[in-house]
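Structure first, then comments.
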Amino acid sequence: MTEKRFRGPRYVLATILIGVGAVALGVTATLYDRPSTTAAAAATDPLSAHISQLTQQLERVPGNARAWADLGGSYVELARVTGDPENYGNAQRALDRSLVLQPEANADALIGLGALANARHDFGPARGYAEQAVALRPTSADGYGVLIDALTQLGDADAATAAVQRMLALRPGVPSFTRAAYDLELHGRTAEARTALQMALAAANIPDQIAFCRYHLGELAFTTGDLAEAESQYRAGLLANPGSVALRQGQAKISAARGAIGEAITQYAALTEDAPLPEYLIEFGELLEAAGRPDEAAAKYQEVATRFDRLAAEGTTEYAGAALFAADHGDPAEAVRLAELEFGRRQFVLTADTLAWSLHKAGRDADALVLADRAASLGWRNATFAYHRGMILAALGRNTEAAAALTEAVQINPHFSPLHAPRAEAALDALLGAG
């Protein structure tokens, strides 16, 4: 590995603490989990209440461009929390109305459109909207937040880091610290990422913020194999926000990792009923498959396909998730097609890994290795990436390197998947036995 691969963010987190107490957080709604908006919860759900309040306000004063932009952003969040892509259409209509009312210098609508484009995985336009917003409002931390998310997913690591630095300077708080943490994690700087998340938690002052920070601290612990710390963070987060579907998913992963399969299945069943997001449904299906319940797994995978179809109908391009799903549970040729489409739009490490795995499943291992190496280029310690790379190397007969990569995968997180972690261990045992 070259030194360039580990050239990471240049900011020093210790310097960010200066003035945090004097800065208003002003956190945007698009960052936080809220209770699921099932029929039983809708009456008390603060996000639904906010949307209702805005709708009533706009019935009285329909010419309020800023309120239309706020409504659009709230619908983006509602789509993310509930998994219902129809809310993207509601968001688009509200944001378009804001622009009709104020076609010039409407930074609020541009920020909302950028968040909507990010949510739809349309990261190129998201960057464009964000760049227009920060040109109009150079001190908008929210605009920089949308820009960071787009730049990160587009694979422009240096520009993303620079935007994180700018956001930290403008508003050190939960949104900027958590984005800094992700930037650091992508560059393999896990301890510094944890510090950034702890700083975010220290800055959090409402339940949603606390839950959000606890969730990401739990995720960082889980991805490094520390189940006790992950469980502690997920539980603490649920004390702040008992309805958070993300934290409930964290608990379900812990149950599966500890071998409490029946409990995990029950948790995933409830979770996917409230939030039928494709990633949760895939995890549930793979848990069922690993538990020896193939018919139930197949039914769950059919639900996944339906969800992807619905997302596509609402303008959301989930090519990367759909490609991985096809690679593992469908047609490898279709996986390659989808992965190439996504990689053509954004050269992020996640899309490089997705294309690498899809090519491997299609028997194109020499091409796959080029992409797997690219996925590792930032230094992110990701067990799935290491597993994929190890299996590709094994298929190429490069057994020593394959064993090293698979060893890395199980050392980073031996519980990274109830279906794939055992396959990584079995492949490693076979390689070591052959050697």
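All of the numbers you see were taken from the coordinates with simple rules; none came from a lab. The shown structure was predicted, so the numbers you read here are calculated from the model rather than taken from an experiment. FYI the Cβ positions are ideal-geometry reconstructions off the backbone, even for glycines, and counts take in every protein chain you see.
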Problem set entry | Extension reserve of the GLU229-ALA135 stretch, reckoned as 0.36 nm per residue once the Cα distance is removed | 29.7 nm
Exercise. By count of other Cβ within 10 Å, fewest leading, how are ILE111, ILE412, ILE254 ordered?
Worked result: ILE412, ILE254, ILE111
Exercise. With each pseudo-label sitting 7 Å past Cα toward Cβ, what's the ARG398-GLU279 distance in nm, one decimal?
Worked result: 2.9 nm
Problem set entry | Rounded FRET efficiency, nearest 0.05, which uses the C-beta distance separating ALA312 from ARG423 and R0 of 25 Å | 0.25
Exercise. For the chain, what's the radius of gyration and Dmax over Cα atoms, in angstrom?
Worked result: 21.5, 75
For this session: Just check the stretch 291-379 against the gyration tensor rule for me: Cα atoms, a ≥ b ≥ c as the square roots of the eigenvalues, rounded for a/c under 1.5, and otherwise prolate or oblate depending on whether a/b exceeds b/c.
Result: oblate
Problem set entry | For the stretch 102-189: rounded, prolate or oblate by the Cα gyration tensor [a/c cutoff 1.5] | oblate
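Which net charge results when you count Lys and Arg as +1 and Asp and Glu as -1 among the other residues whose beta-carbon is under 9 Å from that of HIS415?
Spelling it out: positives minus negatives among the neighbours equals +2.
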Exercise. Classify the stretch 335-411: rounded, prolate or oblate, from the alpha-carbon gyration tensor (a ≥ b ≥ c, eigenvalue square roots; a/c under 1.5 rounded; otherwise prolate if a/b is larger than b/c)?
Worked result: oblate
Exercise. Once you list every other residue whose beta carbon is under 12 Å from the beta carbon of ARG66, what net charge do they have if Lys and Arg are +1 and Asp and Glu are -1?
Worked result: -1
Seminar exercise, completed: So the pair-distance distribution of the stretch 224-364, from every Cα-Cα distance in 5 Å bins, comes to percents of 2, 10, 17, 17, 19, 16, 13, 5, 1, 0
